[in-house]
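None of the figures in this text is laboratory data; all of them are computed from the coordinates on show. Keep in mind the model is a prediction, meaning the values are calculated, not measured. All Cβ positions, even for glycine, are placed from backbone atoms using ideal geometry, and neighbour counts span all protein chains on display.
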Amino acid sequence: MDKLKILVVDDESRMRKLVRDFLVKQDYEVLEAEDGAQALDLFFENKDIALIILDVMMPKMDGWQVCREIRAYSDVPIIMLTAKSDERDELLGFDLGVDEYITKPFSPKILVARVEAILRRTTGFSSDDIMRAGAVEVNKAAHQVTIDGKEIDLSFKEFELLTYFIENQGIALSREKILNSVWNYDYFGDARTIDTHVKKLRSKLGKYGDYIKTIWGMGYKFDVESSD
């Protein structure tokens, strides 16, 4: 799945870098603009921008004007950043269709939390839904697995098993623990159910099948590090 794209607009390069670094850590793709005119150019060049973080006070064109221009064409979520704490500015922002209004200075962690909340509401997306292990990426919300960027087809139980393995990377897991966690019942028979699913999963992972290590007499361990 492609990363969600966020446009950060601020004339202070230090502020853009601070916001970008926190967003990139949460696995968003970040575009940057240093003034309003550049922001509009980037917005209309990139039709898949999921959210805009927009400073009010900027040269060439301020954030209010940028917001007006964008709202004429799009309902993309907008978070306004401002050094002012004037209630009139805040009301103007909401009148223009601003989704959030954050006064500087602010905590980058709080800003990222606002971004997450808005995107969950508007796209149903959360970065927590995406897990990565080596070349394997699991999107829990979309029930989708990609390897080296290419989607692979897994059965429901294969998907659940892979997700459980990735959530417990590097941990030795007994067959009983896997069965209780993935199949959700106490299993009193033999372990062929687990072994069969692991065999199929390894096959579908191709050259990365050796991420799943057999621990003889016990169970399995998902380990990317020792597979490099």
- Message: With unit charges on the beta carbons (Lys and Arg positive, Asp and Glu negative) and the dipole taken about the Cα centre of the chain, which residue among 7, 133, 193 sits farthest to the positive side?
- Response: 193
- Item | Helical mean residue ellipticity (222 nm; -39500 (n - 2.57) per DSSP H run of 4+; nearest 500) of the chain | -11500 deg cm²/dmol
- Ordering of 155-168, 95-108 by packing [mean C-beta count within 10 Å, highest first]: 155-168, 95-108
- Report the label-to-label distance for residue 24 and residue 151 in nanometres (one decimal), using points 7 Å from each Cα along the Cα→Cβ vector. 2.9
- Query: Distance in nm between label sites at residue 117 and residue 177, each 7 Å beyond Cα in the beta-carbon direction?
  - Reply: 3.7
- If the limit is 24 Å between Cα atoms, which of 157/199; 177/199; 5/150; 47/104; 177/200; 104/140 go over it? 47/104; 104/140
- Relative counts (whole %) of C-alpha pair distances in the chain, using bins that are 10 Å wide: 7, 28, 23, 16, 15, 9, 2, 0
- Set the Förster radius R0 to 41 Å, insert the Cβ-Cβ distance between residue 47 and residue 83 as r into 1/(1 + (r/R0)^6), and round the FRET efficiency to 0.05. 0.85
- Query: residue 60 to residue 12: FRET efficiency via 1/(1 + (r/R0)^6), r the Cβ-Cβ distance, R0 22 Å, to the nearest 0.05?
  - Reply: 0.90
- Task: Sticking to Cα atoms, compute the Rg of region 5-125 to one decimal and its Dmax as the biggest Cα-Cα distance, whole number, in Å.
- Result: 12.9, 35
- Item | In Hz, Karplus ³J(HN,Hα) per residue of region 11-19 (6.51, -1.76, 1.60; θ = phi - 60°; x = Gly, Pro) | 7, 8, 5, 5, 5, 4, 5, 4, 5
